[in-house]
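Here is the structure we will look at.
The values are calculated or read from the model by the stated rules, or taken from the named source; none is laboratory data. Please read these numbers as outputs of a predicted model, since none were measured by experiment. Backbone-built Cβ (ideal geometry, glycine too); neighbour counts: all protein chains shown. Side chains included, ligands, DNA and RNA excluded: accessible areas come from the protein's heavy atoms. Shrake-Rupley method; radii C 1.70, N 1.55, O 1.52, S 1.80 Å.
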Amino acid sequence: MYSEKVMDHFRNPRNVGEIENADGVGEVGNPRCGDIMKMYLKIEDGIIKDVKFKTFGCGSAIASSSMATELIKGKTIEEAMKVTNKKVAEALDGLPPIKMHCSVLAEQAIKAALLDYSKKNNVHIEGLEDFNPDEDPHGH
Amino acid sequence: MEKYVYMDNSATTPVKEEVLKEMLPYFTSKYGNPSSVYSLGNESKNAIEIAREKVAKALNAKPNEIFFTAGGSEADNWAIKGVAYANKGKGNHIITSKIEHHGILHTCKYLEKHGFNVTYLDVDEYGLVDLQQLEEAITDDTILITIMFANNEIGTIQPIKEIGKIAKDKGVLFHTDAVQAVGHVKIDVDDLNIDLLSLSAHKFYGPKGVGALYVRRGVKIDPLISGGGQEGNRRAGTENVPGIVGMGKAIELAYEDLEEKNARLIKLRDSLIQKIFDNIDYVRLNGHPTKRLPGNVNVCFEFIEGESLLLSLDMEGIAASSGSACTSGTLEPSHVLLAIGLPHEIAHGSLRLSLGDFNTEEEVDYVVEKLVEIVARLRAMSPLYEDVKEVK
């Protein structure tokens, strides 16, 4: 069902945990739907110095969170903003169609954490103007 | 993988050696078509009739009330559609429950599109139907009550005899999907007032793709599969002779020493439940504590999700199942867990471990040991658990 990459990130998820006094924290998803992702960012000079996550969810939700943290660690905010759900899924060598919402959730978790950072620090992040962290990726 | 612990016996069971041994000649040397007049055909025909007697004996039915099918789903479809269409002159109302197998529920949904009305009874927190609600649901138009014998997910055993009695008193036919019960629970169709009963061989160490429908003599039922005159003109198609032979042997074996086997299984089941509760917190048992299948354990671990639990167990060589959304192929958790009143977020964390004849206490200990590690690992990753720890 899952690619070897997904299983690798599920077995050994990268960057699990929390960051104390994080510069940005984002939580997306809904326990009703069976998945919640929480992402913590440490940002210095516009660069994501550290990132951690916690996820309640299925194998692909955990793998998507893990991959998303890998894709943004050490990157600039602008680069992190370009990490779409498609990129997360591609980096995992694909997800089953019914699991695509997990990668959407990962993209939203990154954006939610960046939105929190931008609000706390009063910085404008291009592309977050219309972002709604409460939007339901399951479409129901 | 060196160690493999199979605890998904409600999904399917292995074919027992003795069963396979009886089946094998009917693939190769005794391959005759049972409808043929020559002796090779007769040999197959006789083998089917011996199997029919064995199935009938297990249920306290008569051989001519047993009809072989290609499995449990076919038996369910046939019972419901067959009775509905044959009795539609009498009425168009069917009563079932909200926790039936999809073989029943989807068949009822289909009939709703074809002029039948269906009442779906609620169940209580243990998964039991309410007999009073059942009685009140019966109208002059009711032609069939179909309530499962034992639930496939939570293992709850329904008050079948009482349901049958109500149906009998009201002159309504009673069908029970006994796919999870046959071979595991003592069944007497007369004593339990059952008119139709579905069973499936692979749930009791027989082969896949073969089942049967018990139809009490005198019950009006249309065929589901039309064609040749097999099975007394009621179920067309050349018989699955090896499968039927296997089912006969398997059901015979299942009831040979049922009480001893069940005493052992119940002890193993209760030990597994106890050890889970002793070693893991925030866990709940689903289904009835005693009115449940001897091998069924169904628990919910809060703050984690079932599919990640199953994948983690698989990595340790343990096969189990879950009612989480991610394992159902939809985004909704199991209809059974929702019907017993579990909130969605808890239903997502369900785990079913179904024990069988080959499981041991040693395996129970291994599974509990691994569960402790896995649940701790997944909870450490879960933002929901973090909130609980803060409250503590």
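Within 10 Å of the Cβ of each residue in A:58-69, the mean number of Cβ atoms contributed by other protein chains is 3. With R₀ set to 22 Å, the beta-carbon distance separating A:ARG11 from A:GLU135 gives a calculated FRET efficiency near 0.15. Subtracting the Cα-Cα distance of B:SER35 and B:PHE358 from their residue separation scaled by 0.36 nm leaves 112.5 nm. Size descriptors for chain B (Cα atoms only): Rg and Dmax, in that order, 21.8, 79 Å. The trypsin sites (Lys or Arg not before Pro) of the stretch B:43-150 meeting both criteria, a DSSP state outside H, G, I, E and B (loop) and at most 13 other C-beta atoms within 10 angstrom of the site's C-beta, are B:LYS113. Share of carbon and sulfur in the accessible area of chain B stands at 51%, probe radius 1.4 Å. Extent of the stretch B:1-128 along its three principal axes (Cα atoms, max minus min coordinate, largest first): 51, 50, 28 Å. The helix-only estimate of mean residue ellipticity at 222 nm for chain B, built from DSSP H runs of length n ≥ 4 each weighted as -39500 (n - 2.57), is -13000 deg cm²/dmol after division by the residue total. For the pair the stretch B:1-50 and the stretch B:336-392, the centres of their Cα atoms are 37 angstrom apart.
Assuming charge only on the beta carbon of Lys and Arg (+1) and of Asp and Glu (-1), the dipole of the stretch A:84-140 about its Cα centre is about 160 debye to the nearest 20. Neighbours of B:GLY71, meaning other residues whose beta-carbon lies under 11 angstrom from its beta-carbon, give a summed charge of 0 when Lys and Arg score +1 and Asp and Glu score -1.
The convex hull built on the alpha-carbon positions of chain A has an orientation-averaged projected area of 7.7 nm².
P(r) for the stretch B:267-306, from all Cα pairs and a bin width of 10 Å, is 28, 57, 15 %, short bins first. Look at the dipole of the stretch B:17-254 built from charges on Cβ: of B:GLN180, B:LEU111, B:LEU134, the Cα furthest out on the positive end belongs to B:LEU111. Build a GNM of chain B with springs between Cα atoms under 10 Å apart, and of B:SER200, B:SER334, B:SER29 the one that fluctuates most is B:SER29. Legend: distances between Cα atoms for A:LYS87/A:LYS120; B:LYS3/B:LYS208; A:LYS49/A:LYS111; B:LYS45/B:LYS220; B:LYS62/B:LYS249; A:LYS75/A:LYS99; pairs beyond 19 Å are A:LYS87/A:LYS120; B:LYS3/B:LYS208; B:LYS45/B:LYS220; A:LYS75/A:LYS99. Principal axis extents of the Cα atoms in the protein assembly as shown, from largest to smallest and rounded to whole angstrom, are 88, 54, 43.
Peptide A:1-10 has a mean of 1 when you count, residue by residue, the C-beta atoms of other protein chains within 10 Å of its C-beta. For chain A, the list of Cys residues with no other Cys C-beta under 4.7 Å reads A:CYS33, A:CYS102.
Apply 1/(1 + (r/R0)^6) to the Cβ-Cβ distance of B:LEU258 and B:ASN117, taking R0 = 30 Å, and write down the FRET efficiency to the nearest 0.05.
Once the sixth-power term is evaluated, E becomes 0.15.
Under 5 Å between amide hydrogens, built in the peptide plane, is the criterion, and for B:ILE145 it picks out B:ILE95, B:LEU173, B:PHE174, B:HIS175 among residues at least 5 positions away or on other chains.
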